[in-house]
Amino acid sequence: MKELCALAGSYSAAAALIQEETRRPLSVDAIKSWTCDPTAKRARTCPDWAIEVLERRFR
């Protein structure tokens, strides 16, 4: 996911692309929780649909 966010240019750009595709609200904090150290308290598992959206855009 970090690599895909880098391709988007920033976490906010990645969130905007995902929101545009899915028509679901998505915060930058959610993106950060998906890409932070897995042992951090804020860490969350990134949903497959979010990765798929960015992969379709950049690959």
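FYI, it's all coordinate maths here, none of it is from the lab. Every value quoted in this text rests on a predicted model; they were computed, and no experiment measured them. Positions of Cβ are generated from backbone atoms using ideal geometry, with glycine treated the same way; all protein chains shown enter the neighbour counts.
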- Loop-only check: which chymotrypsin sites (Phe, Trp or Tyr not before Pro) in the chain are DSSP coil with at most 12 other Cβ within 10 angstrom? none
- Message: One quarter of the convex hull surface, Cα atoms only: what value does that give for the range 2-58 in nm²?
- Response: 3.5
- Message: So for the range 2-58, averaging the separation of alpha carbon pairs under 8 Å that are six or more residues apart and normalising by length, what relative contact order in percent results?
- Response: 33
